[in-house]
Amino acid sequence: MKYALPLVLFASPALAHSGAHLHPQEAAPSIMLIALFVIFLGGMLAHVVRR
C-alpha cells in the first residue's frame, strides 16, 4: 500500500497532463476517467492488501 500512493500521485498528473494536451476541450472527461481509474486501483490494492 505504501508503494501505491506515490505511484498514483505520479501517474495522475502525468495522465491529466497528456489528456489535456490531446483534448484541450475534453479535460473534464479525462479527469473523470483518471478519478475512476484511481478509485479502481485503490479498490484492487485494498483487496490485495486484505488477503
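Could you derive backbone 3J(HN,Hα) for segment 36-51 from the dihedral phi with the Karplus parameters 6.51, -1.76 and 1.60 (θ = phi - 60°), listing whole Hz in sequence and x where the residue is Gly or Pro?
4, 4, 5, 5, 4, 4, x, x, 4, 5, 4, 5, 5, 5, 5, 4
Using 0.36 nm per residue, how much length does the chain from residue 37 to residue 10 gain when fully extended, once their Cα-Cα distance is taken away? Provide the component values of the computation, followed by the final result.
Details: separation 27, 0.36 × 27 = 9.72 nm, distance 1.35 nm.
Full-extension gain reported as 8.4 nm.
The numbers here are math on the coordinates, done by the rules we state, and not lab data. Treat the numbers as computed from the prediction; the structure is a model and nothing was measured.
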